[in-house]
Structures are given as structure tokens and as C-alpha cells.
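Here's the structure, in C-alpha cells; my notes come after.
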Amino acid sequence: MEENRIETEVETKQYIVVNVGIEQFGIDIKYVDNIVRMQKITRVPKAQDFFRGVINLRGEIIPVMSFRRKFGLEDDTFTDKTRIIILKPEQQDSIGIIVDMVKEVLTLEEEEIEKHAQDGKDEKSKYISAVGKNNGNLISLLNINGIIQKMI
């Protein structure tokens, strides 16, 4: 006896969850090229305040920005958990962002993601694309293109 099953495909997305201070942020895994330990950053004169400098990663020069400075938080404090996430946005060069800690890889279903209304009044609002809900925790899902737009 054959059962008739109606399978509905649930849309899911994976995010790298990072901590910056007490906040949790999710970065769409499709943009993540690499995650590296903190290393020496070569300063670039006359750069924007949030731009920390450049690193040499296997022969590739990658600009690195401070997530904390970009969001107007207190300055970076480097620990053994501090990481540089190398992002590779569509049709752009790689860029690194400094985060306090990489927490986990998380899969969210469509109903666990609430789109963020961008009112344009707050400069930071364009950096968040949605809010993810996971086990009672809220995770701000980042708009990577909005964050790196002003670096270029």
C-alpha cells in the first residue's frame, strides 16, 4: 500500500554566528571564504577609522575592517578567540572583518527569519538585513554588501 505524501521543501539558509561584545550576528555562509586567527595587520595611512589595515593571506593582500569601529562600539580587544572572517562578496575582492569570536554554524528555516524594515533614519539599520530566531535567542543577520559598501 503506497502512501501519498506531499513534501514541501522548506527554504533554509546557513549562517556563521559571531559574537561582537554581547551581541550575536549572523553572516550568510555563501559570503564566507575563510576564517583565520588574528594576525599582524599592516596599517594603511589616511584610511577610514574602521579600516584597520591589510593582511597577507597566502600571498593575497586583504583589507581588514574593525566590526566594532564600523558599528560605533568600543575599540577592539584582541584575545585568543578573536578571528578575522574573510568575506568574498559577489563580484568584489575579498575583505576581512574582525570579530570577537566565531560561535557556530547555524541553519535557519524561512519562518525563523524576520525581515528587517530599513527606515533609512539610522545609519546602522542598513547593515542588518533580518533577525533570526534560534532557541529563544535573537541573531542580527548582516547585510554584507551594506557593511562593506563604504569601504570601496
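Of the residues making up segment 20-53, just one is among the basic types (Lys, Arg) and under 14 Å from residue 102 (Cα atoms), namely 37.
Screening segment 57-75 for residues that are free of Cβ contacts under 8 Å to residues at least 12 places away in the same chain and over 19 Å from the mean Cα position of the chain (by Cα) and picking the one that is nearest to residue 22 (Cα to Cα) gives 61.
Values quoted throughout were computed directly from the atomic coordinates according to the rules given, and no laboratory measurement underlies them. These numbers were taken from a predicted model, which means no experiment stands behind them. Every residue, glycine among them, receives a Cβ derived from its backbone with ideal geometry; neighbour counts consider all protein chains shown.
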